[in-house]
Amino acid sequence: MAGSGIYGYNPHLRCPICAILLPQIKTDATIQYVRVLTLAPSIAWLDDIWGANAANTRGLSNLEQWQSANRVLFVLCMVLYLAGYFLNLEKSVLRPTLLIRFLGIMADSQKGKFFVPVDRVQNLVGIVQRILSKDRLSFKELERCVGKCRSMAIAVPCAILYTREQYAALKRQVGGKSTACVEIKLTKGLREELSMWLELGAKSSLVNGAKWLQAEHCIVQSGGTGFTDASGRRWGGFIQTKEGRFEAAADFEDGMLPYHIGQKEALGLQNVLMGFILSAKQDLRGKMFTIHIDNQGCLIFWKEGAPRTTCLQRAYAKNFFGLRCH
């Protein structure tokens, strides 16, 4: 049995990072025991582990964080040894480092972010460009493409949202028949979705990179609070900031009246946010706004990156993602 270990620390008072690759799937129990001993947070995926130093060292000096990273590594190695594992020292990096490639994703402890490395970006962009250059593609080509897109979800927050058309196209072709010779037509929706992935290769890409911690877990500057709501025929809301109060309300257009109430509430939230952004005189970048809305669907999208039901139109979800990026 063999494995490898990599450790990292951050000189900018964030968490050190580590990665341990194990030969079996029983890592959950092992890593849970290590968490109890070290107070070190971690993520286990099958037989792979990504983790950080002891949580109680966050914010301490660089030296203290570096020492904590070494202590957690020592404890982890001992627990694994006593559990019957053997680590391949030749493949292990046992000194703290700032940047780790783990399961094809870069973990940057200086920025506290996951991002897709250049070689994987170039590979995916090449695949997408070849697909977009023709009108039809094979089942295997699309299956390969969507697999690569979905595997980047931890570093590309919109990955779940921008794979829906690909999965739908594949699902339509699966019906108890062989997919070896199946050809899939490149529809307008599928072409638009795939085109978004070309943005990964842009120098100033806004879609490549996701913070380790969600916004509600970070200490960020509060921009203000607000409320939005909608009824069968009207939407409205306000956002209160130090600079003042923004209010907006209007009737739904006739074509929107048959919409589900979940769609109307999402549309109301979008309208209030867009109106506020267009009228704001202060810089909104890096600030967090707490908006109260009576819509579980919006909350699920915000947490998971995509709506579960069709009552939230994908267009709204993509607009919300765009607001978060910018």
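The values are calculated or read from the model by the stated rules, or taken from the named source; none is laboratory data. Treat the numbers as computed from the prediction; the structure is a model and nothing was measured. All Cβ positions, even for glycine, are placed from backbone atoms using ideal geometry, and neighbour counts span all protein chains on display.
In this structure, V118 does not qualify as more than 24 Å from the chain's Cα centre (by Cα) and of a type in the set (V, I, T). Residues in region 114-123 that are within 15 Å of A210 (Cα to Cα) and surrounded by fewer than 16 Cβ atoms within 10 Å (Cβ to Cβ): 1 in all. Among the criteria (1) outside the structural domain of M152 (by TED's automatic domain parsing); (2) modelled with pLDDT under 85, the one V207 does not fulfil is (1). Only a single criterion out of (1) modelled with pLDDT of 85 or more; (2) surrounded by 21 or more Cβ atoms within 10 Å (Cβ to Cβ); (3) touching a Phe, Trp or Tyr at 6+ places or on another chain (Cβ under 8 Å) is not satisfied by Q166, namely (3). Within region 73-88, the residues that satisfy the criterion of being aliphatic (A, V, I, L, M) and surrounded by 13 or more Cβ atoms within 10 Å (Cβ to Cβ) are L73, V75, L76, V79, L80, A83, L87. Of all residues in region 275-286, none that is in the same structural domain as G236 (by TED's automatic domain parsing) and at positive phi has its Cβ atom under 6 Å from the Cβ atom of a residue that is among the aliphatic types (A, V, I, L, M) and modelled with pLDDT of 75 or more, 6 or more apart or on another chain. Of all residues in region 101-112, those satisfying the criterion of being surrounded by 16 or more Cβ atoms within 10 Å (Cβ to Cβ) and not β-branched (V, I, T) are F102, M106, A107, D108, S109, K111, G112.
State all residues of region 238-264 that are closer than 16 Å to G223 by Cα and either surrounded by fewer than 18 Cβ atoms within 10 Å (Cβ to Cβ) or in contact with a His (Cβ under 6 Å, 6 or more places away or on another chain) (or both); if no residue qualifies, say none. Within region 238-264, F238, Q240, K242, E243, G244, R245, E247 qualify.
Taking each residue of region 106-128 that is touching a residue at least 12 places away in the same chain (Cβ under 8 Å) and looking for partners that are in a loop (DSSP other than H, G, I, E, B) and among the hydrophobic types (A, V, I, L, M, F, W, C) with beta-carbon atoms closer than 6 Å, six or more apart or interchain, yields S109/L98; Q110/L98; G112/W212; F114/I154; F114/A155; F115/A155; V116/M152; V116/A155. The residues of region 240-265 that are more than 15 Å from F227 (Cβ to Cβ), touching a residue at least 24 places away in the same chain (Cβ under 8 Å) and hydrophobic (A, V, I, L, M, F, W, C), listed by number, are L257, I261.
Against the numbered list (1) part of a strand (DSSP E or B); (2) under 30 Å from M196 (Cα atoms), L94 comes up short only at (2).
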